[in-house]
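To start, the structure itself, in structure tokens.
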């Protein structure tokens, strides 16, 4: 039985004993309700005060009944409350200790700084995709929520170098900074870039001026929620079908279709081949939307004679099962 249910039943039992005792003294002895209630309380709590009025034989038998039932109920209530308090703290300590142990072994993970609306969304998406990550958060109430979700937590201020080190930033693959303050995000980016020069860093920006500062601080990319939200609203009203397509392509939960990046490893089965000579479209039923070359040049809507080269990034749309096969054959894992 869940602990909250047990506590509710215990509380209900105490109330039932109090009501029974109060009514019993009223009916048997004719006492006022307050006197009956008072007598019941001092009886079941074993305080030991004397009887407030002389008791008849029937009243004494009834008091013995209240003692037998009431002390048991109160004792059970004390045990349940103590257990609830102790178990809650023990679970917190155990969960955090287990989380910190797991973090010591984690590699190629992502660090999410801040568990607000945006940060929690990022974490939920990572979790749904099976991507390892560590959350950095310094507010105790939010830390409890992170632990309840089963996410790895590195407690503390994300701008603190030691906290990022505890989150294993040296072995991390990327960092997402979603703190509410632009200044804090800038400081996180500066610290993270210094600790790991090769880290992929994405930061949230509230103001336009902050975007430039974040880039200068070392962010790989800067996301403005207001700009993206505005663009989606414009697309939704002007090009609703296109917007619906993009929502499906970006949400892996819909139709099992996903927009993905796949890096072509050196000497893979696709290296040096033309698109028309591969099985990407015919067998895997995947659509190559664009090819990003190692020099940063982007080839949109590549034609059939486009040659796939080592280290090319193929922007691909298709079902997850086909994308998984493509990952293996390309000889490299997804960028994400």
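The values are calculated or read from the model by the stated rules, or taken from the named source; none is laboratory data. Small disclaimer: the values here were computed from a predicted structure and weren't measured. For neighbour counting, all protein chains shown are included, and Cβ atoms are generated from backbone atoms with ideal geometry for every residue, glycine included.
One table, with the values for the structure above:
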| item | result |
| --- | --- |
| Answer residue from segment 58-76, given it is within 13 Å of residue 17 (Cα to Cα) and surrounded by 16 or more Cβ atoms within 10 Å (Cβ to Cβ) and is modelled with the highest pLDDT among those | 62 |
| Residue that is modelled with the highest pLDDT [pool: residues in segment 200-222 that are surrounded by fewer than 15 Cβ atoms within 10 Å (Cβ to Cβ) and more than 27 Å from the chain's Cα centre (by Cα)] | 216 |
| Search result, residues across segment 308-336 that are touching a helix residue (DSSP H, G or I) at 6+ places or on another chain (Cβ under 8 Å) and farther than 23 Å from residue 129 by Cβ | 308 |
| Residues within segment 180-195 that are at pLDDT 95 or above and either not in a helix (DSSP H, G or I) or not assigned by TED's automatic domain parsing to the domain that holds residue 158 (or both), tallied | 0 |
| Subset of segment 22-51 (residues that are under 53 Å from the mean Cα position of the chain (by Cα) and in a loop (DSSP other than H, G, I, E, B)) | 45, 46, 47, 48 |
| Test: residue in segment 149-160 that is within 10 Å of the chain's Cα centre (by Cα), part of a helix (DSSP H, G or I) and either free of Cβ contacts under 8 Å to residues at least 24 places away in the same chain or in the same structural domain as residue 194 (by TED's automatic domain parsing) (or both) | yes |
| Unmet criterion (only one of (1) in a helix (DSSP H, G or I); (2) modelled with pLDDT of 75 or more; (3) touching a helix residue (DSSP H, G or I) at 6+ places or on another chain (Cβ under 8 Å)) for residue 92 | (2) |
| Extreme residue, nearest to residue 259 (Cα to Cα), among residues of segment 274-318 that are part of a loop (DSSP other than H, G, I, E, B) and free of Cβ contacts under 8 Å to residues at least 12 places away in the same chain | 281 |
| Residue among 262, 176, 222 that is assigned to a strand (DSSP E or B), in contact with a strand residue (DSSP E or B) (Cβ under 9 Å, 6 or more places away or on another chain) and without any contact (Cβ under 8 Å) to a residue 24 or more places away in the chain | 222 |
| Failed item in (1) outside any helix (DSSP H, G or I); (2) under 21 Å from residue 195 (Cβ atoms), with residue 165 passing the rest | (1) |
